[in-house]
Amino acid sequence: LSRRNIYIGMYDILSIDEKSQTVRVEPLASMGQISRSLISRGWILPVVPELDDLTVGGLIMGFGVETSSHKYGLFQYICESFDIVTAEGKLLHCSASENTELFHLIPWSHGTLGFLVAAELKIIPAKKFVRVAYFPKTQLDTLTEAFDAASRNTEDNAYVEALTYSRDRGV
């Protein structure tokens, strides 16, 4: 028995609704594609993945843990709705108010509950500039204390990241 891949070109941005602050995309839409489309209109995803090639479907159906925000949480927390096709061939719209249980089960399900065909994601206004500040640390406890304090300060810090170079050196 040979395996054959089926090409499914579901990589489009279906709509950007600035009034409801959402973008509706197909599962193979990449983060780079979405970011470029949104930024040109003054918007951005609240949780921005590190790699442009990551897809919405992969982040939702897989773990997407490489993508998180101290302010907005994991990638699934910016998802407003999912459209899936079930094994029975039914198209279901799932949100916090419709097919609620399924809506909460879809993230991290690896496609076991159905085939994802669309997702609606929250968007926020993009800022023109981001201030970047580096604070070198030479002890693990001072690095973790600084990271904790910066993460709790959601008013001033839109993004927080810590890089460690060794057990006692980081920024």
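Under the rule a/c < 1.5 gives rounded, and otherwise a/b versus b/c splits prolate from oblate, where does segment 73-134 land using the Cα gyration tensor?
Details: a/c = 2.99, a/b = 2.54, b/c = 1.18.
Here segment 73-134 falls in the prolate category.
How much mean residue ellipticity at 222 nm does the chain get from its helices, if each DSSP H run of length 4 or more adds -39500 (n - 2.57) and you divide by all residues, to the nearest 500 deg cm²/dmol? Can you show the working numbers first?
Working: 4 runs with 34 residues, N = 171.
Rounded to the nearest 500, it is -5500 deg cm²/dmol.
Using 20 Å as the Cα-Cα cut-off, could you pick out the over-long pairs in 19/71; 19/90; 19/122; 71/122? Can you show the working numbers first?
On the way: 19/71 22 Å; 19/90 30 Å; 19/122 11 Å; 71/122 14 Å.
Over 20 Å Cα-Cα: 19/71; 19/90.
What dipole magnitude, in Debye to the nearest 20, does segment 1-65 give about its Cα centre under +1 on Lys/Arg Cβ and -1 on Asp/Glu Cβ?
Working: 6 positive and 7 negative charges, 38 e Å.
I would put it at about 180 debye.
Please compute the length gained on full extension between residue 122 and residue 53, using 0.36 nm multiplied by the number of residues separating them and subtracting their Cα-Cα distance. Don't skip to the end; give the middle numbers.
Values: separation 69, 0.36 × 69 = 24.84 nm, distance 1.95 nm.
Net length gain for the segment: 22.9 nm.
With N residues in segment 51-171, what two-decimal value do you get for its Cα radius of gyration over 2.2 N^0.38 Å? Intermediate results must be reported in sequence, preceding the final value.
On the way: Rg = 18.4 Å, N = 121, 2.2 N^0.38 = 13.6 Å.
The reported ratio for this selection is 1.35.
Hey, what angle do you get for helix 140-152 against the long axis of the chain, alpha-carbon based, 0 to 90 degrees rounded to 10?
Value to nearest ten degrees: 60.
May I ask which residue of 2, 165, 46 lies farthest towards the positive end of the charge dipole of the chain, with charges of +1 (Lys, Arg) and -1 (Asp, Glu) on Cβ and the Cα centre as origin?
Of the options given, the answer is 165.
Taking the Cα centre of segment 3-160 as the origin, how large is its charge dipole in debye, to the nearest 20, when only Lys and Arg (+1) and Asp and Glu (-1) carry charge on their Cβ atoms?
On the way: 14 positive and 19 negative charges, 76 e Å.
Once rounded to the nearest 20, the dipole reads 360 debye.
In segment 1-103, how does Rg compare with the Kirkwood Rh, expressed as the Rg/Rh ratio over alpha carbon atoms? If you can, show how the numbers build up before the last one.
Details: Rg = 14.7 Å, Rh = 14.9 Å.
Radius of gyration over Kirkwood radius for segment 1-103 works out to 0.98.
Determine which residues of segment 105-124 fall in the zone a paramagnetic label at residue 85 would reach in this model, i.e. backbone nitrogen under 20 Å from the point 7 Å along Cα→Cβ.
It comes to 106-107, 109-120, nothing else.
Determine, for each peptide in 38-50, 145-157, 114-126, the mean count of other beta carbons within 10 angstrom over its residues, then list the peptides with the highest first.
Working: 38-50: 16.2, 145-157: 13.0, 114-126: 19.0.
Put in order of decreasing packing, that is 114-126, 38-50, 145-157.
Taken together, the values in this text are just the output of simple stated rules run on the coordinates, not laboratory data. A quick note: this is a predicted structure, and the numbers were derived from the prediction, not measured. Cβ sites come from the backbone with ideal geometry, for glycine too, and all protein chains shown count toward neighbours.
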